[in-house]
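Here is the structure we will look at, set down as structure tokens.
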Amino acid sequence: MSYDQIFLFVLLGIVFAMLVWGRVRYDLVAFAALVIAVIGGVVPVHDAFAGFGHEAVIIIALVLIVSRAMTNAGAVELVARFVLSSTRSLPAHVGLISVVGAALSAIINNVAALVMLMSLDMEAARKAKRSVAQTLMPLSFATILGGMITLIGTPPNIVVAQFRDRALGEPFSMFDFSPVGLICAVVGIGFVTLVGWRLIPKGEARTMAGEGVGSVFVAEAGVKADSKSIGQTPADLYPLADSHDVTILGLVRRGKRLGGFAAGEEIRKSDHLVLEGDPASIEAFIGAAELNPPGADAHEGLTGKSLALIEAIVPRDARIVGRTATDLRLLYRRGVTLLGVSRQGRRFHQRVRKLPIRAGDLVLLLGPESRVNDAAEWLGVLPLAERRHSVVQRSKALMTIGIFVAAVAAAVTGLVPLVVALAAVVILYALLNIVGPSEVYESVEWPVLVLLGSLIPLGLALEETGGTQLIAQGILSLTGTLPVWAILALLMMVTMTLSDFLNNVATALIAAPVGLDIARALDVNPDAFLMGVAVAASCAFLTPIGHKNNTIIMGPGGYRFGDYWRMGLPLEILIIAVGVPAVLTFWPL
């Protein structure tokens, strides 16, 4: 072996060891390795930071922003009515939420899909009085499986597609992954639904950070002209309110609170419902009942701007102490609405905007993202960083989906490259205020981009110095006279094992050129081996560290490190058994 090969093998070995150890952030490890490689002379100085401008890095960043926009536009609420049911049997619930999770993962990033459905799954488990540990792991695995269906569903697909473009002159297209990915997803979800969830220890499920400890607010919501609530009574809305964990306390008409709970009073246009619940539940009920918060016209409804909903505590010296939102003309002066007040769980009969605020109260402020923090500072209240809530722009859901579908169609038909189509989508979402300026940057997982941008030059160097050929020759020497399908299966098993303990992006970066070199040595279709690498790199089911989705559910589900392999090992074996013939069918040798 040459000096460059030895240097790179040792360096990558250290990188992989550090990633498995997990005590140092993976982006820092990768970036440090890149700097060392440049100093060692194995990566040219002029190529050192070329990875950060690589098309794969840009696509992943754009997909994450698109995922945030889909969340802001209410994609979750479009499927919630089919997913949330405490009366559905456990296998039926697992099957349905798995299918929905896989479908969303094919459209948006699989991490975003999990986060979107996770709270719904936990809520369904709470109402059904069952352990969320039985459903969170199947949901996580289903979103991972669904990500394999399209190019943008998971980062390994993007990495492999862009590697093919550089190596063979043309990338995989959006739906090239679909035949194999769909078969693996359908079989995998079938296993998860029928057998997999039975293999999971129930564990002691824990609530997510910030959940289960939120304050209960009293808030108001106005009845708009086209609301479906008009003509109904508060009692008619009790089932809908109960499903959102909201209590309807009463009705306000012409500025006056009607007596009692006004349960039998017919709701009219311009009435206000008095609600009690946590901020997220209140916001969700307002959308479901087609209501508006006070001051919605000033905010151009809930759709004109990117809105923020924050909780803030009122200190003794705050400007608002002893005064009301009406006294301060809060909406007129600052463009922000006092949506609700929490006072140690007490209920009150005054209008929210006419309630004198006391020190120690929690206030719920709604307004444009650019104004709400300034308003909090002006009021002298202290926002709680972990209690910031999103406001769903429900009327933009179909438009958001339509823009995305049009962009994908333009990319698939070859009108524009995918990266340009996604960039145009992000620009439109920003112009339409579906994502705010700060959300554009907050939604990007910068550590993942630093990891990818740092490892791309190292992967190129390993390939150019012949390192990947050495690995390929080693695998071929071990396989001897085995048939090609067996060599493909072995490559997928090795890739899958690496992905269980390393970041799947890092695995794809190394395994893709190895797969290409093996295919060239065997003189067979390289696409079969590249597709096998893409499938295997995505399937990290044995550990909580192989895929971010598995890490996210570990705490809320109460899982231990050793719980994942119980369902993950048979699932990985099943994916190999199904994936190899599927790859060879659609990408024949």
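What to note about this one:
Each row is one residue, and each column tells you yes or no for (1) modelled with pLDDT under 95; (2) surrounded by fewer than 24 Cβ atoms within 10 Å (Cβ to Cβ); (3) out of contact with any Ser or Thr (no Cβ under 6 Å at 6 or more places or on another chain).
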{"site": "Cys539", "(1), (2), (3)": "yes, no, yes"}
{"site": "Thr543", "(1), (2), (3)": "yes, yes, yes"}
{"site": "Gly546", "(1), (2), (3)": "yes, no, no"}
{"site": "Asn550", "(1), (2), (3)": "yes, no, no"}
{"site": "Arg560", "(1), (2), (3)": "yes, yes, yes"}
{"site": "Ala577", "(1), (2), (3)": "no, yes, yes"}
{"site": "Pro581", "(1), (2), (3)": "no, yes, yes"}
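- Helices (runs of 4 or more DSSP H) wholly inside the stretch 121-197 that include at least 2 residues being open to solvent by 10 Å² or more (accessible area, probe 1.4 Å): 155-168, 178-194
- Residue list for the stretch 198-218, filter: modelled with pLDDT under 65 and either farther than 22 Å from Phe541 by Cα or open to solvent by less than 80 Å² (accessible area, probe 1.4 Å) (or both): Gly203, Ala205, Thr207, Met208, Ala209, Gly210, Glu211, Gly212, Val213, Gly214
- Qualifying residue in the stretch 316-328 (condition: open to solvent by 10 Å² or more (accessible area, probe 1.4 Å), in contact (Cβ under 8 Å) with a residue 24 or more places away in the chain and under 34 Å from the mean Cα position of the chain (by Cα)): no
- Only a single criterion out of (1) under 21 Å from Val252 (Cβ atoms); (2) touching a Gly at 6+ places or on another chain (Cβ under 9 Å) is not satisfied by Pro368, namely (1).
- The set of residues in the stretch 440-467 being in a loop (DSSP other than H, G, I, E, B), of a type outside the set (A, V, I, L, M) and closer than 30 Å to Leu11 by Cα consists of Glu445, Thr465, Gly466.
- Which listed residue, of Phe529, Phe541, is in contact (Cβ under 8 Å) with a residue 24 or more places away in the chain, of a type outside the set (Asp, Glu) and outside any helix (DSSP H, G or I): Phe541
- Against the list (1) in contact with a helix residue (DSSP H, G or I) (Cβ under 9 Å, 6 or more places away or on another chain); (2) over 19 Å from Val180 (Cβ atoms); (3) in contact (Cβ under 8 Å) with a residue 12 or more places away in the chain; (4) open to solvent by 40 Å² or more (accessible area, probe 1.4 Å), the condition Met554 fails is (3).
- Selection count where residues are surrounded by 12 or more Cβ atoms within 10 Å (Cβ to Cβ), of a type outside the set (Phe, Trp, Tyr) and under 20 Å from Asn503 (Cα atoms), scope the stretch 1-19: 7
- Filter pass, Ala298 being modelled with pLDDT of 85 or more, within 37 Å of the chain's Cα centre (by Cα), surrounded by fewer than 20 Cβ atoms within 10 Å (Cβ to Cβ) and not in a strand (DSSP E or B): no
- Here Asn110 meets the list (1) under 20 Å from Ala540 (Cβ atoms); (2) modelled with pLDDT of 90 or more; (3) among the polar types (S, T, N, Q) almost entirely, failing just condition (2).
- Answer residue from the stretch 412-439, given it is crowded, with 20+ Cβ neighbours inside 10 Å and in a helix (DSSP H, G or I) and is nearest to the chain's Cα centre (by Cα) among those: Glu439
- Residue that is nearest to the chain's Cα centre (by Cα) [pool: residues in the stretch 477-523 that are at pLDDT below 85, open to solvent by less than 60 Å² (accessible area, probe 1.4 Å) and over 25 Å from Phe31 (Cα atoms)]: Thr479
- Of all residues in the stretch 78-107 being of a type outside the set (A, V, I, L, M, F, W, C) and modelled with pLDDT under 75, the one that is surrounded by the fewest Cβ atoms within 10 Å (Cβ to Cβ): Thr87
The values are calculated or read from the model by the stated rules, or taken from the named source; none is laboratory data. Keep in mind it's a predicted model, so treat the numbers as computed, not measured. With ideal geometry, Cβ positions are generated from the backbone for all residues, glycine too; neighbour counts draw on all protein chains shown. Side chains included, ligands, DNA and RNA excluded: accessible areas come from the protein's heavy atoms. Shrake-Rupley method; radii C 1.70, N 1.55, O 1.52, S 1.80 Å.
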